[in-house]
Each structure stands twice: as C-alpha cells, then as structure tokens.
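One structure below.
The values are calculated or read from the model by the stated rules, or taken from the named source; none is laboratory data. This one's a predicted model, so the numbers in the text were calculated from it and none came from an experiment. As a convention, Cβ positions derive from the backbone with ideal geometry for all residues, glycine included, and neighbour counts pool all protein chains shown. Accessible surface is based on the protein model in full, side chains and every heavy atom, while ligands, DNA and RNA are left aside. Shrake-Rupley method; radii C 1.70, N 1.55, O 1.52, S 1.80 Å.
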Amino acid sequence: MEFLNLIVEFFNRLVDFFQTGIYDFATEAYAQFVIWSTVSMIRFKIAMIGFAWDVAQQIIQQLDLSSYINQAFAQLDSVLFNFICFLRVPEFVNLVMSAFVTRYVLNFMGM
C-alpha cells in the first residue's frame, strides 16, 4: 500500500509540474536571458564608445582641426585671448569638438 501511495504522489507531483512548474521555469529562464542580454549589450556599447573615441581622435588628427582652432584663437586681441584662456575656452572647444566627432562616429557605426 505504501508503494502505491508513493506512485500516486509521484504522478501528482509530475502533473503539478506540468501544470504550473513549466510556466515558472520558462518565466525564470526568460528573465535570466533578458538580464544576460541586457548586460551584454551595455558592455558592448561601452566597448564601442571607447573604440569610437579612438577613431574620433584619429579623425581629428588627420583633419588637423586643432590647428584651425588655434589659428582662430591666435587672431584675437591678446587681452581677450588671455581672458578666454583664463576661462579655459580652448579646452572646452576641443572637448566639445571631440564629443561631436565621437557622436558622429557612433552614428556612423549604427550605435
């Protein structure tokens, strides 16, 4: 009799697993897949930002954009140039230019 109860209990648990356990398992597996793929995509995008930054620096060097900016600042009056340098405007212009070129490269790559 004990053996028969064990068999009935086994089949009851098997039926419960097929009724509710499969759904819970599939839900948990899909959630883990979404988490893994999201983290992987974020890591990939971070790596691509570094790559795009390197490409943007090469573009800026090849186009020699910094020399054009330096020539434009050199044409200013010395008092105004000193004031602009005090406010660190040339560094700001270089940073914004690098950001725009990096954004262009990211758009070109489809990111």
key: Full-stretch length increase - ALA99, GLN58 - with 0.36 nm per residue and alpha-carbon distance subtracted   = 13.4 nm
ask   = Once label points are set 7 Å from the Cα along Cα→Cβ at both ILE46 and LEU6, what is their separation, rounded to one decimal in nm?
value = 5.2 nm
request  = Please name whichever of MET41, LEU76, GLN58 sits farthest to the positive end of the charge dipole of the chain, dipole taken about the Cα centre and charges placed at Cβ: Lys and Arg +1, Asp and Glu -1.
outcome  = LEU76
request  = Could you compute the FRET efficiency for SER66 and VAL39, with r as their C-beta to C-beta distance and R0 at 35 Å, rounded to 0.05?
outcome  = 0.40
task = Would you work out the relative contact order for the chain, in percent, from Cα pairs under 8 angstrom that are 6 or more residues apart?
result = 35 percent
ask   = Roughly speaking, to the nearest percent, how much of the chain's 1.4 Å accessible area is carbon and sulfur?
value = 70 percent
task = Return the label of the correct value of percent of Cα pairs over 22 Å apart, as calculated from the structure shown, out of [x] 64; [y] 50; [z] 36.
result = [x]
Simple Cβ-charge dipole of the chain, Lys/Arg +1 and Asp/Glu -1, about Cα centre, in debye nearest 20 = 440 debye
Accessible surface, the chain, averaged per residue in Å² (probe 1.4 Å) = 84 Å²
